[in-house]
Amino acid sequence: MTSLKETLKSDLTVAMKASDDLTKSTLRMALSAITNAEVAGDEAVDLSDDQIVKVLQAESKKRLESAEIYEQNGRAEAAAKEKAEAEVLAKYLPAAMSDSELAAVVAQEVAAAAAAGNAGMKAMGLVVKAVREKVGSSADGSKIADLVKSALAQ
């Protein structure tokens, strides 16, 4: 089985041969971000596929946030480019969990926390941690926190 980084490199080669500028520049950016993450810190390390997915999620989130800002400032062309880059990165990310599935996991963990005697906003950290362990990288952290906060407020 090839690693995610090797897949990105081979897809970059295909994009270069096909003269696909969008995919080529996006994959170069992604590989650069992965390399930066590998050499950050005291010594260089090889990232696992899970760590690479986290880097790609961060890059995708940056693209979506940039697109939103561009749209707010009337720069539709730049926003479209950022969204297209996010779509390219999305091909390498795990499928996102639906809101209803995530809400079910949150409700289950809130009930478990309440059964253990943790209720109200004091239980938020415990519940968020438990939900993150269950869903892994298939849900955005801010979305988890918002759902947990609203569930605990009831």
Out of (1) at negative phi; (2) of a type outside the set (S, T, N, Q); (3) more than 13 Å from the chain's Cα centre (by Cα), the odd one out for Lys91 is which?
(3)
What is the number of the single condition among (1) over 21 Å from Asp50 (Cβ atoms); (2) surrounded by 12 or more Cβ atoms within 10 Å (Cβ to Cβ) that Gly117 does not meet?
(2)
Can you pull out every residue in segment 56-68 that is buried (at least 16 other Cβ atoms within 10 Å of the Cβ) and closer than 16 Å to Ser138 by Cα?
Leu56, Gln57, Glu59, Ser60
Listed by first then second residue, the pairs whose first member lies in segment 27-48 and is farther than 18 Å from Met16 by Cβ and outside any helix (DSSP H, G or I), whose partner is at pLDDT below 85 and among the aliphatic types (A, V, I, L, M), with beta carbons under 8 Å and at least 6 positions apart or on separate chains, are none
What number of residues within segment 1-47 satisfy the criterion of being over 25 Å from Lys81 (Cα atoms) and of a type in the set (S, T, N, Q)?
2
Can you tell me how many residues in segment 32-43 are touching a helix residue (DSSP H, G or I) at 6+ places or on another chain (Cβ under 6 Å) and more than 18 Å from Gly141 (Cβ to Cβ)?
2
For segment 69-98, enumerate the residues that are without any contact (Cβ under 8 Å) to a residue 40 or more places away in the chain and either loosely packed, with under 12 Cβ neighbours inside 10 Å or not in a helix (DSSP H, G or I) (or both).
Gln72, Asn73, Gly74, Arg75, Ala76, Glu77, Lys91, Ser98
Could you count how many residues in segment 108-144 are in contact (Cβ under 8 Å) with a residue 60 or more places away in the chain and charged (D, E, K, R)?
1
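The values are calculated or read from the model by the stated rules, or taken from the named source; none is laboratory data. Values in this document were obtained by computation on a predicted structure and should not be read as measured data. Note that each Cβ is placed from the backbone with ideal geometry, even for glycine, and that neighbours are counted across all protein chains shown.
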